[in-house]
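The values are calculated or read from the model by the stated rules, or taken from the named source; none is laboratory data. Here the structure is a predicted model, which means the values were calculated and not measured. All Cβ positions, glycine included, derive from the backbone under ideal geometry; neighbour counts span all protein chains shown.
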Amino acid sequence: MTRQIRIVDVFTEKPLAGNQLAVVLDGKDLSVRLMQRIAREMNFSETTFVLPPENPAHAARVRIFTPHSEMPFAGHPTIGTAWVLANEGLVPKGAAEFILEESVGPVSVRSVKDADRVIFWMTHPPLTLGQVFPHAQVAAALGVEESSVVHDVPAQVASTGVPYLFVALRDASAVDEATSDRGRLDKLLPRRVTDSVFLTTAVGPNRLYSRMFALDTPEDPATGSASGPLGAYAVKYGLVERAPTVSLVSEQGTKMGRQSFVHIELSYGESKDIPERIEVGGSVMPVLSGTLAEFS
């Protein structure tokens with residue numbers, strides 16, 4: 001049995017930028033072991049496999065694999081897979097919103113036409129805030145001076161399904177000066193808490209400049225699963241001005257040559273710390289269409 005595969009760039013409006021994603025359109029009957037081997041062969045940060053949904057009202061079930069392991073939830077794979085399904089006519093024609101089943105649970109996705117582009121948005125699970133790390137330890141792990149870390153903003157773990165350690169640095173040059181060193185990160189990050197650190201700084205009203213390092217990925221060009229909690233973190237600690245509805249953009253991947261723009265929208269109700277709704281969105285560009293050989 002041959003299976004169709006699509007490669008797209010996510011969180012970019014031009015090809016050969018953003019975050020690469022491989023989407024296997026028919027993952028039915030593939031073993032977990034074979035999915036993992038295919039993801040390793042693709043060697044992108046993630047590869048997704050589309051399967052029939054458990055709930056027929058939903059568009060599809062999606063399994064997400066890095067080259068090393070399966071992920072319960074991830075941002076650019078969700079956005080990219082949603083775009084591919086819509087582009088291939090695999091969701092009801094004209095449907096502006098649909099549900100993808102992921103290991104973290106149902107994930108709502110919607111598309112919005114904005115001028116001459118289409119942005120796909122995903123709704124994040126609820127936010128949780130976690131452990132705070134000492135600035136000195138964080139700075140040492142990132143290879144920057146402690147003075148580069150914004151002193152009145154905690155380095156804190158936050159999650160909407162996948163935990164990240166968020167660190168606010170003083171400016172874009174400090175973000176670019178940071179280095180991804182697995183040995184130093186391994187000493188900083190307890191595996192049971194998180195294996196990823198997300199660096200950010202405010203570069204204008206409702207604009208952030210960001211990078212992400214992880215133990216298994218030296219640097220990620222666009223991290224959708226981190227961008228939801230990033231927005232909440234930025235508002236909570238004053239990097240972005242609070243309002244009932246906050247719209248912001250995080251630029252990521254520029255330092256590594258794959259510039260990405262992640263759109264973030266937050267809705268606040270009576271709670272001033274935790275947003276009631278978190279959405280992350282971006283554009284998707286097609287790169288390659290092909291057929292995956294038959295494997296066993």
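Does Gly231 satisfy the criteria of being assigned by TED's automatic domain parsing to the domain that holds Asp181, of a type outside the set (S, T, N, Q), at positive phi and surrounded by 23 or more Cβ atoms within 10 Å (Cβ to Cβ)? The answer is no for Gly231.
Meeting the requirement of 1 or more residues that are under 20 Å from Gln131 (Cβ atoms), the strands (runs of 3 or more DSSP E) wholly within the range 170-288 are 196-204, 207-214. Residues that are assigned to a loop (DSSP other than H, G, I, E, B) and of a type in the set (A, V, I, L, M) were ranked within the range 25-36; the one that is farthest from Ser283 (Cα to Cα) is Leu30.
Okay, residues lined up against (1) touching an Asp or Glu at 6+ places or on another chain (Cβ under 9 Å); (2) closer than 30 Å to Val24 by Cα; (3) β-branched (Val, Ile, Thr):
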site	(1), (2), (3)
Asp195	yes, yes, no
Thr200	no, no, yes
Phe213	yes, yes, no
Ala226	yes, yes, no
Phe261	yes, yes, no
Ser271	no, no, no
Val280	yes, yes, yes
Ser283	yes, yes, no
Glu294	no, yes, no
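Exactly one residue out of Ala39, Ala57, Ala22 is on the phi < 0 side of the Ramachandran plot, assigned to a loop (DSSP other than H, G, I, E, B) and not assigned by TED's automatic domain parsing to the domain that holds Ala222: that is Ala57.
If I filter the range 256-263 for residues that are touching a Leu at 6+ places or on another chain (Cβ under 8 Å), at pLDDT 95 or above, within 23 Å of Val150 (Cα to Cα) and not assigned by TED's automatic domain parsing to the domain that holds Ile64, do I get at least one hit? Checking the range 256-263: not a single residue is touching a Leu at 6+ places or on another chain (Cβ under 8 Å), at pLDDT 95 or above, within 23 Å of Val150 (Cα to Cα) and not assigned by TED's automatic domain parsing to the domain that holds Ile64.
His151 fulfils the conditions (1) farther than 30 Å from Ala59 by Cβ; (2) assigned to a strand (DSSP E or B) except for a single criterion, (2). Residues that are within 14 Å of Ile5 (Cα to Cα) and either buried (at least 22 other Cβ atoms within 10 Å of the Cβ) or in contact (Cβ under 8 Å) with a residue 60 or more places away in the chain (or both) within the range 43-61 comprise Glu46, Thr47, Thr48, Phe49, Val50, listed in sequence order. When Arg258, Arg242, Arg211 are checked against the criterion of being free of Cβ contacts under 8 Å to residues at least 60 places away in the same chain, of a type in the set (Lys, Arg) and surrounded by 19 or more Cβ atoms within 10 Å (Cβ to Cβ), Arg211 stands alone in meeting it.
The residues listed here are Asp171, Asp181; of these, the one that is charged (D, E, K, R), at pLDDT 95 or above and under 18 Å from Thr201 (Cα atoms) is Asp171. Scanning the range 149-162 for residues that are without any contact (Cβ under 8 Å) to a residue 60 or more places away in the chain and crowded, with 22+ Cβ neighbours inside 10 Å yields Val149, Ala155, Val157.
Of all the criteria given as (1) surrounded by 15 or more Cβ atoms within 10 Å (Cβ to Cβ); (2) part of a strand (DSSP E or B), the one not satisfied by Gln131 is (1). Looking across the range 99-125 at every residue that is surrounded by 13 or more Cβ atoms within 10 Å (Cβ to Cβ) and out of contact with any strand residue (DSSP E or B) (no Cβ under 6 Å at 6 or more places or on another chain), the one that is modelled with the highest pLDDT is identified as Ser103. In the range 261-294, the residue that is nearest to Ser225 (Cα to Cα) out of those that are surrounded by fewer than 18 Cβ atoms within 10 Å (Cβ to Cβ), of a type in the set (Ser, Thr, Tyr) and in contact (Cβ under 8 Å) with a residue 40 or more places away in the chain is Ser289. Checking every residue in the range 107-121 against the condition of being farther than 17 Å from Gly282 by Cα and β-branched (Val, Ile, Thr) gives zero matches.
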